[in-house]
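Report on the structure given below.
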Amino acid sequence: LQSVDAVFGEQEPLDVLFAFDRSASTTGDLIARLRESARAIVATLGADDRAGLLAFNNRFALVAPLGPPAGLPRAIDALVPESGTALLDAASVAFGLTAASTRRTMILLFTDGADTLSWLPERLVIEQARSSDAVL
């Protein structure tokens, strides 16, 4: 856990990577709620903000690289749940995808939290998080 003492730069452009769980465990009402939440966040992004979409289950797909967020809701709605969940591995991929960003960077992880297939150890992903400038 981290405590936030101050927030600065609210007017600076933001890069947001949506890491979206499309595993079988999100089927039905859960994926509908995850989609609704993601669309609500996309709607709040400013004109200078960029957004991208990483979809994951037991595999990873960069559905939309960081860019204008206009097409993201449609891409999110097109995700089809299947297979197992590699949650820790997805977080690691997300950190890698945002490592080159020079802007404020946020990774939003949309998941049920049930990791069934990750290969990477938790300690490695925690080390990545600590060394990253991105907020997860």
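The values are calculated or read from the model by the stated rules, or taken from the named source; none is laboratory data. What you see is a predicted model; the values in this text were computed from it and never measured. Here the Cβ is made from the backbone with ideal geometry for all residues, glycine too, and neighbour counts use every protein chain on show. Accessible surface is based on the protein model in full, side chains and every heavy atom, while ligands, DNA and RNA are left aside. Shrake-Rupley method; radii C 1.70, N 1.55, O 1.52, S 1.80 Å.
Do we have any residue at all in segment 9-17 that's more than 20 Å from Ser101 (Cβ to Cβ) and not small (Gly, Ala, Ser)? Talk me through it step by step, then tell me what you get.
Step one: filter segment 9-17 for residues more than 20 Å from Ser101 (Cβ to Cβ), giving none.
Scanning segment 9-17 turns up no residue that is more than 20 Å from Ser101 (Cβ to Cβ) and not small (Gly, Ala, Ser).
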Residue list for segment 94-130, restricted to those being surrounded by fewer than 18 Cβ atoms within 10 Å (Cβ to Cβ), under 29 Å from Glu36 (Cβ atoms) and of a type in the set (Val, Ile, Thr) = Thr116
For Asp77, state whether it is more than 23 Å from Asp133 (Cβ to Cβ) and touching a Lys or Arg at 6+ places or on another chain (Cβ under 9 Å).
-> yes
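Give segment 73-83 a look and list any residue that's among the small types (Gly, Ala, Ser) and surrounded by 16 or more Cβ atoms within 10 Å (Cβ to Cβ), or say none.
Taking segment 73-83 and keeping what is among the small types (Gly, Ala, Ser), we get 75, 78, 83.
If the condition is that a residue be among the small types (Gly, Ala, Ser) and surrounded by 16 or more Cβ atoms within 10 Å (Cβ to Cβ), then Ala75 is the only one that fits.
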From the list Ala90, Ala86, which residue is of a type in the set (A, V, I, L, M, F, W, C), farther than 12 Å from Leu17 by Cβ and open to solvent by less than 10 Å² (accessible area, probe 1.4 Å)?
-> Ala86
Some residue of segment 37-46 being in a loop (DSSP other than H, G, I, E, B), more than 23 Å from Val4 (Cβ to Cβ) and open to solvent by 20 Å² or more (accessible area, probe 1.4 Å) = no
Can you tell me how many residues in segment 19-36 are touching a residue at least 24 places away in the same chain (Cβ under 8 Å) and either in a helix (DSSP H, G or I) or within 15 Å of the chain's Cα centre (by Cα) (or both)?
-> 12
Among the residues of segment 39-69, how many are touching a strand residue (DSSP E or B) at 6+ places or on another chain (Cβ under 9 Å) and over 15 Å from Ala24 (Cα atoms)?
-> 20
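Can you list the helices (runs of 4 or more DSSP H) found entirely within segment 61-136 that contain at least 2 residues being out of contact with any Gly (no Cβ under 9 Å at 6 or more places or on another chain) and among the acidic types (Asp, Glu)?
Numbers: elements: 72-77, 87-98, 122-131.
Qualifying helices (runs of 4 or more DSSP H): 122-131.
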Listed residues Leu62, Leu30, Leu53; which is buried (at least 19 other Cβ atoms within 10 Å of the Cβ) and more than 25 Å from Val4 (Cα to Cα)?
-> Leu53
